[in-house]
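In what follows, a structure is listed as structure tokens, so that the remarks can point back to it.
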Amino acid sequence: TSRFSTLRLAQTNGPFALEAAFRADTDLRKVNLIIGAYRDDEEKPWHLPSVTEAKRRLELGHSHHEYLPLQGSPKFVEVSKQVLFGPKIVQQQQPFLASIQTVSGTGANSLVAMFLEQKHLRPTNIWLLNLTWINHGDIWKVNAPNVSVQWYPYYNDAKRALDFDAMMETLQRNCLEHDTILFHACAHNPTGRDPSQQQWRELAHLCLKKRLFVIFDSAYQGCASGDLDRDAWAIRHFVSHPSIELAVCQSFSKNLGLYGERVGALHLMVHRSNPNGPNLAKAVQNNLIDLQRACVSMAPLFGSRVASEVLGNEDLQQMWKSDLSTMSGRIRAMRSALRDELLKLQTPGSWDHITEQTGMFSCTGLSKEQVEDLQLKHHIYLLPTGRASMCGVTSTNVSYIARAIHEVVS
Ligand code: PMP
């Protein structure tokens, strides 16, 4: 008999299975509100003009296909730092920073989990948000099996708002020194609710007081407000406390529309008032390279070329900023349109949260049964948790979606 005879099927990844069901649905009215990839007003993937222009300039027909260095493309690593932290922090804190190109945001999350467990820090707990991106729990269980996954309250479903008091209370009471905590830098997936600047200040104080190692997952810079600097505010605020040591998992999937190219970076900043900091940062960098070498050798070349071209040229960067406004502006407009339609229909309940949330997703507050009804009766697909990707809403289908929601909640 086979040594694999007791192996069971792994649970199919929820959103991807639902996506397959959507594709198989032949009804012409069908609407995809599942996966977080930007769509234009015709429900099509959008080619960012800045990215199209970068590819044209790169004359890719003549480019080579050699390996990247183990740390990744030096140009890409430099421009990704500049966009994330801003030139002032990079100039002042460069010696305390270790950066490595990764297999997008997922690769950065996995690498930092592995690094913390295997190299020195060995936190007792990783504190993840309840709710969060569905992959976070698995990433930690697979890559850092000796770190215990703990959940802190983040979102109050009944109030459709951040559960800030419960969050602070749980963290104050339960975090141990050197525990690690994960935050979303902006445009929280799936709730679309971020802490206010005042709440970020309080969280930074708590992390200082409890001596926590902080990880920011930055998968949506520029996708929340449309402004790269504003969306990096929380990260830069934490950096302004020299003794908070932190890592940032940076993804360019959404904000450059380079989903399949797997473009991202991991940045880790050590204590900024430690005279030995620059040596520690070098050791971190060297260990990150070593770990990633064992997993994937190095990150892929193509997407990082495109990203470097866009981020590294003033005129293309301006074009990119305008692309970010286009994407975030369309999503904001669709949020307003959906809320207005529901108000017009006098759909029971309050729908203000749809316009108050930011980024690609909305926790609609629809129940599992209502979501099932939407799919079976109206061919509208969203996650069973009620998370809808606002990218699938267009000026053509918004009133159909509103009428369907009205029917299932009435
Ligand atoms: N973090 C969050 C919060 C996400 O929503 C996603 C993508 N859905 C990722 C990380 C990872 O994306 P990628 O690996 O494409 O960068």
Spatially proximal lysines relative to K282 (Cα-Cα < 19 Å; intrachain offsets below 8 disregarded) = K75, K81, K119
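Kindly put M168, M360, M334 in sequence by how many other C-beta atoms sit within 10 Å of each C-beta, fewest to most. Each step should come with its number before you reach the end.
On the way: M168 16, M360 27, M334 22.
Ordered from fewest to most neighbouring Cβ atoms within 10 Å, M168, M360, M334 come out as M168, M334, M360.
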query = Tell me, what HN-Hα J-couplings in whole Hz come from the Karplus equation 6.51 cos²θ - 1.76 cosθ + 1.60 at θ = phi - 60° for each residue of segment 399-408, using x for Gly and Pro?
reply = 6, 4, 4, 5, 5, 5, 4, 3, 5, 6
query = By average Cβ neighbour count within 10 Å, what is the ranking of 62-73, 267-278, 129-140, 104-115 from highest down?
reply = 104-115, 129-140, 267-278, 62-73
query = Looking at segment 133-176, which trypsin sites (Lys or Arg not before Pro) are DSSP coil and have at most 13 other C-beta atoms within 10 Å of their C-beta?
reply = K159
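Give, as a single signed number, the net charge of other residues whose beta carbon lies under 12 Å from the beta carbon of I215, with Lys and Arg counted +1 and Asp and Glu -1. The partial results should precede the final answer.
Working: positive: none; negative: D179, D217, E245.
Summing Lys/Arg as +1 and Asp/Glu as -1 gives -3.
Please state, as a whole number in µm²/s, the translational diffusion coefficient that the Stokes-Einstein equation yields for segment 70-167 at 10 °C and 1.306 mPa s, with Rh defined as the Kirkwood radius across alpha carbon pairs.
On the way: Rh = 15.7 Å.
In µm²/s, the coefficient rounds to 101.
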The chain - Rg over Rh from alpha carbon coordinates, Kirkwood radius = 0.97
key: Dipole magnitude of the chain, debye to nearest 20 (Cβ charges: Lys/Arg +1, Asp/Glu -1, about Cα centre)   = 620 debye
key: Taking E314, E53, E43, E369 and counting other C-beta atoms within 10 Å, the order from fewest to most   = E314, E369, E43, E53
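At a threshold of 8 angstrom on Cα-Cα distance, excluding pairs fewer than six apart, so keeping six or more, what relative contact order does the chain reach in percent? Each step should come with its number before you reach the end.
Numbers: 727 pairs, mean separation 102.6, N = 410.
Relative contact order, the chain: 25 percent.
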inquiry  = With θ taken as phi - 60° and the coefficients 6.51, -1.76 and 1.60, list the Karplus ³J(HN,Hα) couplings across segment 204-216 in order, rounded to whole Hz; mark glycine and proline as x.
reply    = 4, 4, 4, 5, 5, 5, 8, 6, 8, 8, 9, 10, 9
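Sorting check: for 35-41, 15-21, which peptide has the highest mean count of neighbouring beta carbons within 10 Å, and how do the rest follow? Each step should come with its number before you reach the end.
On the way: 35-41: 18.6, 15-21: 13.6.
For the peptides 35-41, 15-21, the packing ranking is 35-41, 15-21.
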inquiry  = Using only the alpha-carbon atoms, how far is helix 74-85 inclined from the longest principal axis of the chain? Give it as 0 to 90 degrees, nearest 10.
reply    = 60 degrees
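So for each of 23-29, 183-189, 325-331 I average, over its residues, the number of other beta carbons within 10 Å; can you give me the resulting order with the highest mean first?
Details: 23-29: 9.3, 183-189: 25.1, 325-331: 19.0.
Output ranking for 23-29, 183-189, 325-331: 183-189, 325-331, 23-29.
Could you list D340, D315 so that the one with the fewest beta carbons within 10 Å of its beta carbon is first and the one with the most is last?
Values: D340 16, D315 9.
Taking fewest neighbouring Cβ atoms as first place, the list is D315, D340.
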query = Distance from the Cα centre of segment 351-378 to that of segment 55-113, in angstrom?
reply = 36 Å
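No lab work stands behind these numbers, since they all come straight from the coordinates. Since we're looking at a predicted model, the values are computed, not measured. Heads up, the Cβs are rebuilt from the backbone with ideal geometry, glycines too, and the neighbour counts pull from every protein chain shown.
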